[in-house]
Structures are given as structure tokens and as C-alpha cells.
Amino acid sequence: SAGWSTSKGPYAGIVAELQLSDRFYLQGELNYSSQGGKKDGAQAIPTAGYEAFFPVGFPVPPYLYADFYSEGKFGYLELPILLKANFRLGETTSFFVNGGPYFGYLLKAQSITKGSSNVYYDAGLTQPFLTAPISFDAEMDIKDELKKFNFGIQAGIGLSLDLANENRLMFTVGGNYGLIPIQKDEVNGQNNIGAATATVAYLIKF
């Protein structure tokens, strides 16, 4: 969503290939993927917890607004199944593209907020809701608020280098994008998640 930037984190796992022809391979992976986003500035907060501050009969909006730092940190176990097309550039070097679906399972999820701010009725922060600023310093486990499983698409491009012992080095840049909104309850938003990745792999021939 607007104003959010991507958080950096580890992406590591194991990879295996099955050669289908001179050009095509079936590539399976099992990865730990650290994902998330961060935002510093004006942002919406659910009204839940503030209902008692509204006068009786006053319409309660779904969101209020405040100025603070917010970060979501998520860890997924992901299983991509990719079709890879390989193009020879020389005797020992190849260029490749890959793509296909992936399946994800949520291992951990944290919400981290920092700063102090008044709470406002409007996104422009011109109509204060409280009489004084409040602290937003908090760390919360939000795994129970999110769906455990995700499904999406993954793709990449890279270079493969043949080694003297018939093993290979593989350099890949790519990314994935989940097709299922991660929140269980729409009141908490409906956001998709994904990651840009850069990996180095050492493949052993069996």
C-alpha cells in the first residue's frame, strides 16, 4: 500500500533440478523467506480500542490516523516448483529464466511500532482525537491474525557456471508475489506479500 517500503532480510534454502531435455529443467526449492514492510509517517490505525472515546450515537469510523513508525516482519517456509529454460552462452556458461507457482507456510509474524503521536480523525492529521499524544512503542506477535498458507507465483533470471567437477554455480535474481491476502479479517486490511531475491547456489551432480 502507499508509503510502505520493503524490509530486507535473509532468504536461504535448498534447490534440486531434474533435466527434462537439453534446454528445459524442472526446479524445486525449499526456502526460508524473510518478508515485510515498513512505514514512517501518517498511517491508518483500526478504531478498535478507541470506541469508548466516541460520544453515544456518534458514528464510529473504521480507521483513525496517527504519525509513527511501523514495521511488519514475516517469516515463511516456501516451496516453489519452477520450469527453467537454459540457453548456452559458451562452453561453461549458460543464461536461464525460470518461473512457476510457489506454496508458502507462515512461521512467524511480528508488528513493531515506535514513536508518539496524537490520534486524528483525518488522514491529513488536522483534527486531533485525543487531548495529548500517546506512545506507540510496541512489539506484538500477530501470527494468529494472519492466514497460515499462501500461494503465488515466482520467477527469476540468472547465470549458470559449469565447474571442472561437473558441479555448477548458479546466480539468480528474481522475486515472488503471493496471490492470497495475508490477513484473516478484512478489518485489519487486505494486503498481499512478496519479495525480491538475489541468491547464489552450488549444485552437486548426482
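The values are calculated or read from the model by the stated rules, or taken from the named source; none is laboratory data. Bear in mind that the values here come from a model prediction, so they are computed numbers and not experimental data. Cβ placement follows ideal geometry from the backbone for every residue including glycine, while neighbour counts extend to all protein chains displayed. We work out accessible area using only protein heavy atoms, side chains counted, and drop any ligands, DNA or RNA first. Shrake-Rupley method; radii C 1.70, N 1.55, O 1.52, S 1.80 Å.
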Practice task
Go through the stretch 1-33 and give me each residue that's in a loop (DSSP other than H, G, I, E, B) and within 27 Å of N192 (Cα to Cα).
Solution key: S1, A2, G3, W4, S7, K8, G9, P10
Handout entry: Among the candidates G152, G104, residue that is out of contact with any Asp or Glu (no Cβ under 8 Å at 6 or more places or on another chain) and in contact (Cβ under 8 Å) with a residue 40 or more places away in the chain
Key = G152
Practice task
Evaluate the following for K38: is it under 22 Å from A198 (Cα atoms), basic (K, R) and within 23 Å of the chain's Cα centre (by Cα)?
Solution key: yes
Practice task
Read through the list (1) surrounded by 15 or more Cβ atoms within 10 Å (Cβ to Cβ); (2) at pLDDT below 95, then give the number of the only condition that D22 fails.
Solution key: (1)
Exercise for the section: Exactly one condition in (1) among the aliphatic types (A, V, I, L, M); (2) part of a strand (DSSP E or B); (3) modelled with pLDDT under 90 is not met by A48; state its number. Expected result: (2)
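Please determine whether any residue of the stretch 41-57 is of a type in the set (D, E, K, R), closer than 18 Å to Y120 by Cα and surrounded by 12 or more Cβ atoms within 10 Å (Cβ to Cβ).
No.
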Exercise for the section: Looking for whichever is over 25 Å from N176 (Cα atoms), among the hydrophobic types (A, V, I, L, M, F, W, C) and touching a residue at least 60 places away in the same chain (Cβ under 8 Å) here; the options are F96, F129. Which one fits? Expected result: F129
Practice task
Run G178 past the list (1) more than 25 Å from P61 (Cβ to Cβ); (2) modelled with pLDDT under 90; (3) open to solvent by less than 80 Å² (accessible area, probe 1.4 Å); (4) not hydrophobic (A, V, I, L, M, F, W, C) and report the number of the one that doesn't hold.
Solution key: (2)
Problem - Residue in the stretch 110-123 that is more than 25 Å from the chain's Cα centre (by Cα), under 27 Å from G13 (Cβ atoms) and in contact (Cβ under 8 Å) with a residue 24 or more places away in the chain present - result: no
